[in-house]
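The values are calculated or read from the model by the stated rules, or taken from the named source; none is laboratory data. Only a predicted model underlies this, so the values are computations on that prediction, with no experimental measurement involved. Because the Cβ atoms are built from the backbone with ideal geometry, glycine has one as well, and the counts that use them run over all protein chains shown. For the accessible areas, the whole protein counts, side chains as well, though only heavy atoms, and no ligand, DNA or RNA atoms are used. Shrake-Rupley method; radii C 1.70, N 1.55, O 1.52, S 1.80 Å.
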Amino acid sequence: MSSKPDRDSAVALSRREFLVSSGAVGGGLVLGFALPAWSAAPAGPPPGPPPPPPLVPQAFIAIGTDEMVTITVPVVEMGQGPYTSVPMLIAEELGIELARVRVAHAPVGPVYGNPGLGGQQATGASSSMRGLYVPMRRAGAAMRMMLVSTAARGWKVPATECEAGEGRVLHRASGRTATYGSLAARAVKEPVPTGIVLKDNAQFRLIGTPTRRLDIAGKVDGSAVFGIDAVIPGMKLAGVIACPVFGGKVASVDDSKARAIRGVQQVIVLPDAVAVVADHTGAVRKALAALVIRWDGGPNAEFSTARWREQLVTAAKGKGGVAVDKGDARKVIAGSKHAFNATYDAPALAHAPMEPMNCTVRLTATTCELWTGTQAPARVQGDVAHLLGFRPEQVTVNNSMLGGGFGRRLESDFAVQAVRIAREAKVPLKLIWSREEDMRHDWYRPFYYDELAAAFDDHGKPLAFSHRIVGSSIIARLAGGNFKGIDSDAVDAAQSPYDFPARYVEYVPSESPVPTGFFRGVGPNHNVTVIEGFIDEVADKLGKDPVEFRRGLLTNNPRLGAVMEKVATGIGWGKSLPRGQGMGIAVVNAWESFMALALQVEADGDGRIRLRRIVAAIDCGQPINPDGIAAQVQSGVVFGLTSALYGRITVSNGRVMQSNFHDYPMLRMNEVPQFDVHVIPSTEKPGGIGEIGATLPAPALLNAIFSATGKRIRQLPLDPAQIIES
């Protein structure tokens, strides 16, 4: 793509718009949202939302004669809690207790599209509750009205004289009652009602109450099924070694020792990988280790992290696409007596989910059935169908719980690779990547290089803010010819939430051989780090307390200011601390939510950092399950701290150097200190929570380290050498 897009015609394509326009996944939701199938989608963002199609509550709610209610959840469960929060929405309006709910995975189909992603069947972008809050409640309310109508018709009384709740319909005047289970078979044939009225917030019995997650019991007793657990008749096990150099190929293979291992059935050579098919995992592992493979690294055989950074710095000297240009910020900064600037690096990161990539395949001449855990089942279906020359309906995707996703399972490469192997093997098989394959063949968070500047007047009043971002475009890679202009994921949250009257944000694309993809938090995951670190730098140079300084910059963002005050009070901001200890704070407004985080840390003489206290506060609008929100905040913060303390993907000779948790470590339980989470009560529409917690740990940590040591760090992850006191 050009480094000089036409500003007048540039299109800022977001994840939502990409999924709508590019054809990565297909389908539309019939609960007030719908989009054409991907094959018919226009080459660019749609002109506007289409008219809503009919409401189909039967697609989500099935009531059995045993009075149990099966709720088909249209988004996937990868730890973020929709298998509890979505049933809470439906159960609230339907009038049942959660104890009567079973949860089912959604098959691929337009009805299960995610309205938060433009109607596409995918899970990501902190979109589940934002998109499903109203549609799922409407589905529950519609089914309740259909049950009432059925009972009223049978009793020959007006439906207005009947009421529903606690799993039954009651005609109070006559005392007659009927359970939902006794009415369900007839109720689903009722016309879907119009004029659906949802409960007022004051009537909620489930929504907003701390609720135990419905998926926990199965995860504790082992009955929960993940993609890696799939077993089908006649199945063989498969493993793979892909070329370690990005874009490289297989040059030659000596598989004689591998084939001699008992249990090995086949060794399959693909253009870019070698697979082993065997009777059991032990044989697979031994055979993979016995292969003698010579690789052709191709043009990227000498690529390195150092060269990658050189490319970013060089690209920063050119022009990019202007995402925000208000008030001639660059001119204001250039003419200011109080102008500040800084550059930051944000390294490439791996997703490292606990469950490595896997897919089970049964392939015939006319059908393909898959068992896997994916965030984008419709995309997997479409990409596999394309590979095989099938129609999408010839490919069945059986989804499951995900042992971690973080954006990695929005890709379809592992499923496509499994089908490529199965096509050659001609047997049903389950492909499981090793941890090393998973780490070295990821779609990584991009390596970013950022240039920031800001100007203030003589009284410390903000005048202008500028942010230039250099890095690869995930959406450009996925959208291909449908993409023009600015990757709005890369610039998401890039203009800061503060009261700068003049603003400038520019995105400079810079591609490398390293594949990049969506990562928990995407743009805000790195933009908030550099902005919040930079704001602390400016506060210090102006002689201001970081909290007081932010307070003066947030007069137009009261919800964000309120969560900042909550964490400042909670951690005891301003109190005297022992030598070597410090506090840091950071705030973010993203995904329609507002969050603040404060950390207290201690630095020892060897440059190592110990976490002593964490306080977080989030205003995500109307809470659905406050316990789930707190858990997601904790999860996101630990995820972000892991990245800040340990996360870095390095490349040498075209290969990723990290391979497992010994050299890409995770934060351990004993490293996490007291952690307080405050969920702010609200009746505003729900915001996203799955990613926001991951955006704040890095800047709060950097700011706390400065407070403790006086050392300003602009490159992550932390290196003790950066902070050893001289």
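In table form, for the structure just shown:
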| read-out | value |
| --- | --- |
| Calculated FRET value between residue 67 and residue 670, using beta carbons and R₀ = 51 Å, to 0.05 | 0.65 |
| Cα gyration tensor shape for the range 177-216, rounded if a/c is under 1.5, else prolate or oblate | oblate |
| Cα centroid separation - the range 612-690 against the range 424-486, whole Å | 18 Å |
| Cα-centred dipole magnitude for the range 325-369, charges only on beta-carbon of K, R (+1) and D, E (-1), debye, nearest 20 | 340 debye |
| The range 264-391 - Rg (one decimal) and Dmax (whole number), Cα, Å | 24.5, 73 |
| Dipole of the chain, positive direction: furthest Cα of 560, 56, 693, with charges on the beta-carbon | 56 |
| Local net charge near residue 586, Cβ-Cβ under 11 Å (Lys/Arg +1, Asp/Glu -1) | -1 |
| Amide H partners (placed H, <5 Å) of residue 593, local residues excluded | 688 |
| Most positive-pole-ward Cα, 453, 467, 428, against dipole of the range 421-469 from beta carbon charges | 428 |
| Global geometry of the range 54-113, whether rounded, prolate or oblate, following the gyration tensor of its Cα atoms and the 1.5 cut on a/c | oblate |
| Residues whose placed amide H lies under 5 Å from that of residue 463, excluding near-sequence neighbours | 455, 456, 457 |
| Stretchable slack from residue 608 to residue 343, in nm (0.36 nm times residue separation minus alpha-carbon distance) | 93.0 nm |
| Charge tally in the Cβ shell below 9 Å around residue 171, where Lys, Arg are +1 and Asp, Glu are -1, residue 171 excluded | 0 |
| Two-site label geometry, residue 721 and residue 542: point separation in nm, points 7 Å out along Cα→Cβ | 3.5 nm |
| q = 0.09, 0.19 Å⁻¹, the range 354-500: log10 I(q)/I(0) [Debye, one scatterer per Cα] | -0.43, -1.13 |
| Distribution of pairwise C-alpha distances over the chain, 10 Å bins, in % | 3, 14, 23, 25, 19, 11, 5, 1, 0 |
| Directionally averaged shadow of the range 576-726, computed from the convex hull of its alpha-carbon atoms, nm² | 10.6 nm² |
| From phi via Karplus (6.51, -1.76, 1.60), per-residue ³J(HN,Hα) for the range 669-681 in Hz, x at Gly/Pro | 4, 6, 8, 8, x, 3, 9, 9, 10, 10, 9, 7, x |
| Förster radius 56 Å - calculated FRET efficiency between residue 281 and residue 163, Cβ distance, rounded to 0.05 | 0.50 |
| Surface/4 of the Cα convex hull for the range 643-714, nm² | 8.2 nm² |
| Normalised alpha carbon radius of gyration of the range 201-310 [divisor 2.2 N^0.38 Å] | 1.73 |
| Kirkwood Rh (inverse of mean 1/r, distinct Cα pairs), the range 102-218, angstrom | 16.5 Å |
| Karplus 3J(HN,Hα) series, Hz, for the range 368-383 with 6.51 cos²θ - 1.76 cosθ + 1.60 (x for Gly, Pro) | 9, 10, 10, 10, 6, x, 9, 7, 9, x, 5, 5, 4, 4, x, 6 |
| Rounded if a/c under 1.5, otherwise prolate or oblate - the range 270-314, Cα gyration tensor axes | prolate |
| Stretch gain in nm, segment residue 576-residue 200, where the contour uses 0.36 nm per residue and the Cα spacing is subtracted | 130.7 nm |
| Derived scalar couplings ³J(HN,Hα) [the range 305-322; Karplus, 6.51 cos²θ - 1.76 cosθ + 1.60; whole Hz; x for Gly, Pro] | 4, 4, 5, 4, 5, 4, 5, 5, 5, 5, 4, 5, 7, x, 9, x, x, 8 |
| Among 594, 376, 667 - extreme Cα towards positive end, dipole of the chain, charges at beta-carbon | 376 |
| Residues of the range 515-574: accessible area per residue with a 1.4 Å probe, Å² | 31 Å² |
| Point-charge dipole on Cβ atoms (K/R +1, D/E -1) for the range 443-499, about Cα centre, debye to 20 | 340 debye |
| Packing-based order for 319-329, 289-299, 618-628, using average beta carbon neighbours within 10 Å, highest first | 618-628, 319-329, 289-299 |
| Spatial separation of Cα centroids for the range 570-607 and the range 140-173, in angstrom | 54 Å |
| Full-extension gain in nm, residue 225 to residue 260, via 0.36 nm per residue minus C-alpha separation | 9.2 nm |
| Ordering of 587-599, 604-616 by burial proxy (mean other Cβ atoms within 10 Å per residue, highest first) | 587-599, 604-616 |
| Alpha-carbon centroid distance for the pair the range 62-87 / the range 188-223, whole angstrom | 8 Å |
| FRET efficiency estimate (nearest 0.05) - Cβ-Cβ, residue 390 to residue 660, R0 60 angstrom | 0.95 |
| Under-5 Å amide H pairs with residue 517, H placed in peptide plane, nonlocal only | 444, 445 |
| Among the listed pairs 544/575; 199/685; 541/566; 219/286; 249/430, those beyond 20 Å (Cα-Cα) | 541/566; 219/286; 249/430 |
| Fraction of antiparallel bridges per DSSP, the chain only, in percent to nearest 5 | 70 percent |
| Magnitude of the charge dipole, the range 646-709, Cβ model with Lys/Arg +1 and Asp/Glu -1, debye to 20 | 220 debye |
| Relative contact order [Cα under 8 Å, 6+ residues apart], the range 434-531, whole percent | 34 percent |
| Cα-based reach from residue 156 at 17 Å (exclusive), listing aspartates and glutamates while leaving out same-chain residues under 8 positions away | 190 |
